[in-house]
4 protein chains.
Amino acid sequence: MTRGLAVGLAGLGRMGRIHAENLAARCASAHLACVFDADPVVAAAVAERLDVPWTASYDGLLDACAAVAVATSTGSHADLAVAAAEAGRHVFCEKPISLDRAAALTTVHAAARAGIVFQVGFHRRFDPDWVAANERIQAGELGEVTFFRTSLRDMNPPDPAYLTGSGGFFVDVTVHDLDVARWMVGEVVEVTAHGAASDPAFAAIGDIDTAVVVLRFAGGALGVIDNSRSARYGYECSTEVMGSLATARIDAPRRRGYEWRTPGLASHDLPRDFEERYPQAYAAEVEGFARCVLDGTAPRVTGLDALAAFDLAMAADVSWRTGRSVALTPRPTATGVVYETEEVPA
Amino acid sequence: MTRGLAVGLAGLGRMGRIHAENLAARCASAHLACVFDADPVVAAAVAERLDVPWTASYDGLLDACAAVAVATSTGSHADLAVAAAEAGRHVFCEKPISLDRAAALTTVHAAARAGIVFQVGFHRRFDPDWVAANERIQAGELGEVTFFRTSLRDMNPPDPAYLTGSGGFFVDVTVHDLDVARWMVGEVVEVTAHGAASDPAFAAIGDIDTAVVVLRFAGGALGVIDNSRSARYGYECSTEVMGSLATARIDAPRRRGYEWRTPGLASHDLPRDFEERYPQAYAAEVEGFARCVLDGTAPRVTGLDALAAFDLAMAADVSWRTGRSVALTPRPTATGVVYETEEVPA
Amino acid sequence: MTRGLAVGLAGLGRMGRIHAENLAARCASAHLACVFDADPVVAAAVAERLDVPWTASYDGLLDACAAVAVATSTGSHADLAVAAAEAGRHVFCEKPISLDRAAALTTVHAAARAGIVFQVGFHRRFDPDWVAANERIQAGELGEVTFFRTSLRDMNPPDPAYLTGSGGFFVDVTVHDLDVARWMVGEVVEVTAHGAASDPAFAAIGDIDTAVVVLRFAGGALGVIDNSRSARYGYECSTEVMGSLATARIDAPRRRGYEWRTPGLASHDLPRDFEERYPQAYAAEVEGFARCVLDGTAPRVTGLDALAAFDLAMAADVSWRTGRSVALTPRPTATGVVYETEEVPA
Amino acid sequence: MTRGLAVGLAGLGRMGRIHAENLAARCASAHLACVFDADPVVAAAVAERLDVPWTASYDGLLDACAAVAVATSTGSHADLAVAAAEAGRHVFCEKPISLDRAAALTTVHAAARAGIVFQVGFHRRFDPDWVAANERIQAGELGEVTFFRTSLRDMNPPDPAYLTGSGGFFVDVTVHDLDVARWMVGEVVEVTAHGAASDPAFAAIGDIDTAVVVLRFAGGALGVIDNSRSARYGYECSTEVMGSLATARIDAPRRRGYEWRTPGLASHDLPRDFEERYPQAYAAEVEGFARCVLDGTAPRVTGLDALAAFDLAMAADVSWRTGRSVALTPRPTATGVVYETEEVPA
């Protein structure tokens, strides 16, 4: 007997392994049907450990499943997702769909044409803390939103090799906060970004490790995002939404629920990375994806959502490079909001 | 393909359903092989919802599994556990094994004779917060323990019908804190209990809903437990261990990691019952049980541990009824500590 | 120009210096008129530092003031207070009035006869945190009180020399929590005390450094106090009052309002002694005393309150020595409640 | 006998009354020698309540004191301060010195020429929380500062009548955070400001009630300030300084140290305005001023500090109005840093 949706997993790097564990043992509505990786040794090892089949070809993976989770390196997301869609497989795709906007758009269209469920991996929309707060916000309990503030900070910078293919700071890091901003507050009409390299290694490659991004929402509210790749004290993700009636502050600064007291000092631990902070969110996003497929409902994070967050991240990138604010025009369509960008005239 | 240990589940009341969900969808090393309940309608409904087989007979359940989880009403725990042991099935048994000490002891012996893994359901030993703190305590980071304090408080009292078969306040509620006391600090040599009925309904049936139990440990430290069936504000479980070098305080007073601010007031939610507080612990205890079976290791909570906690709870009951302290003599044996009780002479 | 009530201060040890600073610079309704100490060198030094007169005789102090604060060593409190009362001076007296109950009672009567304001130094009744919570409790916002818990813990044990004249653990330490119990919840009808010496130095002199005291209130609620002279991590004073409608928890575990984050760890400081924890309470209690004198109102802590807390502490001492609960009969009188003690029959 | 420095107080509005209370009853090194207000009825009433002399003329005030605290309406600060300086009186001046930069500069020069102590009222530099954290930062415990974040939020907007003479949002509100930024992190070389009016009343008068100001420090770090006049939930002032070794977070979100628990909810109070948040800071700043005068030391907030914060606030104002970043050139001088502003070329 197997549970729910048969999901094939492509890509067994860090995110792939998180999804593998969740699909194998923590999802009520899905199971891990097969794993695939460009490196068959990796695939075989994970398969053995989790007691699931593996395959050396992506086609083999598609044959073995009703839905596929794409967690390969970024460059192959779009192609694999399109192939899956064309084969009629539902797709859960890690973010970003592509660093090439045209390829991302092609993927979104392919998924739409195929009529499959296509969900992108913005996990924070599935974290119980954010979900609970946002439910109250969407229900109007905050009144009119007047200010938004969010932080995403990594404890230590990634390996330089990773940075090359990451799409840059805003596309790699800020994009999560931009998605949360849209989810909680609404569409953005202006982005202004500032960056700095606290670590000279970033300056050396023309990149940054710290950023402040100021948002102006269509509803008039201001927002601010701060991001760091080198917060040093730990991994932090916190968000505040201020409204005319109340303010919600989401934060979970403890990993384990105990305090340790030594002479004159009380301390508690901090999460060190996203795996320690978000075990529930990662399990919930694949469970949510399976429920959409099984129930025929729309995913919480669509391809257009991913595209919108990408467009906002690119606008931040342009703003940082030019030192100007970037205006955006979110345009409602039948399937979701599409952003058009125009730079603020000098 | 199925995961790990085939566990049959007997009893589909509140605790049974928690175990069913965890075995069905949240355990890496076990799966739910079959369910059984005295009421076949209940069994069939749960089986359908979770897509697992069910059976109308306990023998049928034993046939379908390598291990059994006993979560029926308390009165049948011992008989079902003994039957399973004699059939060579490993047993996870909800607490208490029995309200009749002789029957509990018989069960422990039957399990030992059969050479099976026998684990009792003290879930707090599997909660990540308690586990993380206790690892540091057992590693000696606190120095010598000088004081122990723990609270277990239910939000609202149970249905009176439940109380009749519960074994009384100390066996039903305090027993959890007594187990934690032994786990974290060590053996207890004196118990003094005080009780009160804040709700007249308890007084009317000669029972209490609030208690303070003072412990004296073999190592010389004092300890204190406070319990309530009617804390009203929520479900709370918190523990403090004070040592000569440090003090550990375990507490998790938020259910969701966000704060809500309204004029002049910041608030956060509180868990309302053990299900809301302990989802991770309940999943971890059945996973831990499966690992013991698969790896051939000893369970974290043995039958003798359950017996010891029961003996301490009965000592508390005697102390409360007589108004005297009760002395105990924990005796090490080859398989664990066994308590002998003697009342303090008047 | 001088502010408000002219207060003479007798005794310039640790508590005396706290009162001196507050009277000299932090009271709106009183000023430090003169200081006296058994050691004239000490008196002269403090006087010079604070720019106030000093005197080498207690009579000289009485001549220089309208009210006196007695903060000498415990043995002389009663005599000095009586002398002041007989001279018509209002008296703020550090606790305890006396370790000899008869002498304490004589003092209370002398104060009553003289018609002066007589206030005893239970500072927690003046701390803004406790006051704010207790106002809501007395207003009935908790509903019926069902449980009370309080801790008073010193970071490090006092000098052994101090212990000799301290009146013992319960009179010296627990008495503060007993006063708070009466203030917040009401009269106590049974006391059961348990003690331990975590530090062998205490055992060597037949004393304890850790205690648990269980209270039964006249209204039926249970209460529990835990005390330590050697908490090691810091000074802590926290109180919880549980009611049928709500629960209040008073705690102020930070000294400075900032958090310090290092890799994987967030920490904040803890107060190290009562001076660090209670600067506001000590200032407020002498200000409150001055207001009573100036406004002709009754003090918040009367001599009978001090006597009641002392009687409860002595009952705890008896209980600890005999291993029995001690029953008490609080008797209302025109001026306040008086306790009569009778041991629980064996 | 009177304490320490004789301070005359000019202006008995909201801030004046806070200083009056502190000088009258909470300063060890100063006393309130005389009060003056444009409205003699107000002066007489305050004088009577605090039992101090009053005068109907500012010259009379100068005659009665060695130092003066200027807390009149903003427009008269500079003239009164200059008059006091020329009379050889030390000056504590509420912020801002003047909304006219030339007048502020004249005042700073007059104070320097007179050789008096001249301190400006940036109270946060005297709050024990900020002071304790900043001591560790200045000692290098954070390592290199990489990011700075601070919030100042009022609960409710001020009366429109007040706004007219306030100098605008950045000069009235942000200026406090700008001073803290310089104090904790160092000089600022670029300011970019964004504003919004969440309350239409502000838009109607061409003003804002919400702002985000991005800073670039001379040392390379980024900083961000968020401000609101209408946070609604309470008054909040919190600051975070992130460094390569540690991160400090200053926050004091509770006014009273107790938690109130009702079914499913735990809550605590929030300060509602700066008076509730900063009683210690306001007392400490006048005490600190008196110590500078008595000890001949330099004040913690000089006239040039006030000028620098004003210049940064004006740069923010320009940035907000033009939509451009404003570059600044902090220039060290013998007596402190002076800012020169140049707009970023379009």
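Quick notes on this structure:
- Other protein chain C-beta atoms within 10 Å of residue C-beta, averaged over D:243-251: 6.
- Qualifying aspartates and glutamates (Cα of each under 15 Å from Cα of B:LYS95; at least 8 residues distant if same chain): B:ASP79, B:ASP172, B:ASP177, B:ASP179, B:GLU285, B:ASP305, B:ASP311
- Beta carbon of chain C nearest to the axis of the rotation taking C to D, residue and angstrom distance: C:ARG26, 3
- Dividing the summed -39500 (n - 2.57) terms of all DSSP H runs of n ≥ 4 by the residue count of the protein assembly as shown sets its mean residue ellipticity at 222 nm at -10500 deg cm²/dmol.
- Between B:ASP129, B:ASP177, B:ASP51, the GNM of chain B built on Cα springs shorter than 10 angstrom shows B:ASP51 fluctuating the most.
- Rounded to the nearest 20, the size of the Cβ-charge dipole of region C:5-116 about its Cα centre is 380 debye, with Lys and Arg at +1 and Asp and Glu at -1.
- Simple point charges give the picture: +1 on the Cβ of Lys and Arg, -1 on the Cβ of Asp and Glu, and for the protein assembly as shown a dipole about the Cα centre of about 0 debye.
- Computed with a 1.4 Å probe over protein heavy atoms only, the accessible surface of region B:5-116 comes to 38 Å² per residue.
- Normalised by residue count, chain A yields a Cα convex hull volume of 160 Å³ per residue.
- Solvent-accessible area, 1.4 Å probe, carbon plus sulfur percent, for region B:7-105: 55 percent
- Solvent-accessible area lost in complex, 30 Å² minimum, residues of region A:27-67 relative to chain alone, 1.4 Å: A:ASP51
- Farthest towards the positive end of the charge dipole of chain B, among the residues B:LEU23, B:SER238, B:THR107, is the Cα of B:SER238, using unit charges on the Cβ of Lys, Arg, Asp and Glu.
- The mean sequence separation of alpha-carbon pairs under 8 Å and at least six residues apart, normalised by the residue count of chain A, gives a relative contact order of 18 percent.
- The equivalent ellipsoid that matches the C-alpha gyration tensor of region A:211-306 spans semi-axes of 30, 23, 14 angstrom, in descending order.
- Cα shape, region A:105-230, gyration tensor, a/c 1.5 rule: oblate
- Taking the Cα centre of region B:158-284 as reference, the dipole from Cβ charges on Lys and Arg (+1) and Asp and Glu (-1) amounts to some 400 debye.
- Per the accessible-area calculation with a 1.4 Å probe, the total area buried between chain A and chain D rounds to 2500 Å².
- Taking chain A as a Gaussian network of alpha-carbon nodes connected by springs under 10 Å, the highest mean-square fluctuation of the residues A:LEU294, A:LEU265, A:LEU215 belongs to A:LEU265.
- Teacher prompt: D:ALA87 distances to equivalent labels in other copies, 7 Å Cα→Cβ, nm: 4.3, 9.0, 10.0
- Added length on full extension, which subtracts the Cα-Cα distance from 0.36 nm per residue, A:ARG101 to A:GLU86: 3.4 nm
- Averaged over B:137-147, number of beta-carbon atoms from partner chains that fall within 10 Å: 3
- Label-to-label distance for A:GLU48 and C:ALA204 is 6.3 nm, based on points extended 7 Å past Cα in the beta-carbon direction.
- Rg over Rh, two decimals, the protein assembly as shown (C-alpha only, Kirkwood Rh): 1.00
- Pairwise FRET efficiency - D:GLU275 versus D:ALA56, Cβ, R0 = 22 Å, nearest 0.05: 0.20
- Exam field: A:ASP39 pseudo-label spacings to other copies (7 Å along Cα-Cβ), nanometres: 5.4, 7.4, 7.8
- For the segment D:229-236, counting C-beta atoms of other chains within 10 Å of every residue's C-beta and taking the mean gives 6.
- Rounded D (µm²/s) - region C:5-116, Kirkwood Rh over Cα pairs, Stokes-Einstein at 4 °C, 1.567 mPa s: 95 µm²/s
- Dipole of chain A, positive direction: furthest Cα of A:ALA196, A:ALA38, A:VAL318, with charges on the beta-carbon: A:ALA196
- Using a 7 Å Cα-to-Cβ projection, C:THR329 label spacings across copies, nm, ascending: 4.1, 9.1, 9.1
- For region D:200-211, Karplus couplings with θ = phi - 60° (6.51, -1.76, 1.60), whole Hz, Gly/Pro x: x, 4, 6, 4, 4, 9, x, 10, 10, 10, 9, 8
- Region C:1-112: relative contact order as a whole-number percent, Cα under 8 Å and 6+ apart: 25 percent
The values are calculated or read from the model by the stated rules, or taken from the named source; none is laboratory data. These figures come from a predicted structure and were not determined experimentally. Cβ coordinates were reconstructed from backbone atoms using ideal geometry, including for glycine residues, and neighbour counts include every protein chain displayed. Just the protein is used for accessible areas: all its heavy atoms, side chains included, with ligands, DNA and RNA removed. Shrake-Rupley method; radii C 1.70, N 1.55, O 1.52, S 1.80 Å.
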